[in-house]
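Worksheet for the structure shown next.
What follows draws every value from the coordinates through simple rules; no lab data is involved. Just so we're clear, the structure is a prediction, and the values are computed from it rather than from any experiment. Cβ coordinates were reconstructed from backbone atoms using ideal geometry, including for glycine residues, and neighbour counts include every protein chain displayed.
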Amino acid sequence: MSGFVEKGIIRVHNHVGPDIWLMQIELPRIAKEAKPGQFVHVKVNDPRYILRRPISIAGTDAGRGIVEIIYRIVGKGTEAMSHLKVGDTLDCLGPLGTSFDMDKDHIVGIGGGVGIAPLLYFGQEIVRMGAKPTFLLGARSESDLLELEEFCKLGRVLITTEDGSAGEQGFVTNHSILQHERFDQISTCGPNPMMKAVARVATELGVRCEASLENMMACGVGACLCCVEKTTEGNLCVCKEGPIFDVKRLLW
Ligand code: FES
């Protein structure tokens, strides 16, 4: 089994949006080994919820041994998690899965919704490498843009909103930057329809594109086959072969 099991103390737990929470957990081994795009598989200390939940890593501070996650309440397990207090512990398995390719010079991170969490970590890593990341973030409305201040601290932020309340009106795929600037790679996370649209635009532009898949998971380590995705190489487990995939490998 890959990853480490650590019972981490919760150091920060803040409500950051409708049903959305940000948590910082003391997980020194995971913080040291994690890479952008990977996830932790968390289990609340409650016998009613025996299954772990996969949650993308939104950032690490290896020096302080901190892992940050952002999650949305989507069921009873995450609802129970939202009631945890600073000082409580959370059982985490990780870091799991594959990571973003950070090897290109000019990468744009495109995201929407709560799925933007891996992009924050991706941006932190680009800054650590001495470069300035570009983000293209989409939302229904300005008030739905998560962690905007944090993104702005890291690099250049471009925005689209469906109602035009911030940035260019429309969807991320319509933003003028994609036609006016040449990127070496697009890294995308968020809702599947958005990522599929981003993948289509990337293909049209001839730009390599990586997507972070969020298939339903149970074991998180390639044993139960509940997270399979159809790919050009057959059915692959997203928890083990992903969650980051070059979109050319996906049958989208
Ligand atoms: Fe069990 Fe992926 S979650 S194989």
Kirkwood-type radius of the range 88-201, with distances r between different C-alpha atoms, in Å: 14.6 Å
Beyond 32 Å between alpha-carbons counts as too far, so tell me which of 32/76; 196/240; 132/230; 7/230; 35/248; 7/132 fall in that bin. 132/230; 7/230; 7/132
If you put +1 on each Lys and Arg Cβ and -1 on each Asp and Glu Cβ, how big is the dipole of the range 62-200 around its Cα centre, in Debye rounded to 20? 160 debye
Per residue Cα convex hull volume for the range 1-48, in cubic angstrom? 122 Å³
For the range 142-235, report the translational diffusion coefficient in µm²/s to the nearest whole number, using Stokes-Einstein at 25 °C, 0.890 mPa s, and a Kirkwood Rh over Cα pairs. 158 µm²/s
Within the range 140-225, which trypsin sites (Lys or Arg not before Pro) sit in a loop by DSSP and count at most 12 neighbouring Cβ atoms inside 10 Å? 182
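For the range 118-252, with only Lys/Arg (+1) and Asp/Glu (-1) charged at the beta-carbon, what is the dipole magnitude about the Cα centre, in debye rounded to 20? The partial results should precede the final answer.
Details: 13 positive and 18 negative charges, 83 e Å.
The dipole magnitude comes to about 400 debye.
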Could you compute Rg(Cα) / (2.2 N^0.38 Å) for the range 9-104, with N its residue count? 1.04
Using only the Cα atoms of the range 121-173, construct the convex hull and provide its projected area averaged over every direction, in square nanometres to one decimal. 3.5 nm²
The answer for residue 140, listing residues at least 5 apart or on another chain whose modeled amide H is closer than 5 Å to its amide H, is 162
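Please check the chain for the longest run free of GluC sites (Glu not before Pro) that are loop-located per DSSP (anything but H, G, I, E, B) and have at most 15 other Cβ atoms within 10 Å. Can you show the working numbers first?
Details: sites that count: 162, 181, 233.
No qualifying site falls inside 1-161, the longest such stretch.
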Based on Cβ point charges of +1 for Lys and Arg and -1 for Asp and Glu, what charge dipole magnitude is obtained for the chain about its Cα centre, in debye rounded to the nearest 20? 540 debye
Stokes-Einstein diffusion coefficient of the range 68-141, Kirkwood radius over Cα pairs, 25 °C, 0.890 mPa s, in µm²/s: 165 µm²/s
Find the percent of Cα-Cα distances in the range 203-250 that exceed 15 Å, and round it to a whole number. 41 percent
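Identify the trypsin sites (Lys or Arg not before Pro) of the range 1-66 meeting these criteria: DSSP loop state and at most 16 other C-beta atoms within 10 Å of the C-beta.
Numbers: sites: 7, 11, 29, 32, 43, 48, 52, 64; in loops: 48, 52, 64.
When the trypsin sites (Lys or Arg not before Pro) of the range 1-66 are filtered for loop state and at most 16 Cβ neighbours within 10 Å, 48, 64 remain.
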Among 126, 228, 207, whose Cα lies farthest out toward the positive end of the dipole of the chain, if unit charges sit on the beta carbon of Lys, Arg (+1) and Asp, Glu (-1)? 228
Ordered by residue, what ³J(HN,Hα) values in Hz, to whole numbers, does the range 43-52 give under the Karplus form 6.51 cos²θ - 1.76 cosθ + 1.60, where θ = phi - 60° and Gly and Pro are x? 9, 6, 7, 8, x, 6, 10, 7, 7, 7
Debye intensity ratio I(q)/I(0), log10, the chain, q values 0.07 Å⁻¹ (C-alpha model): -0.22
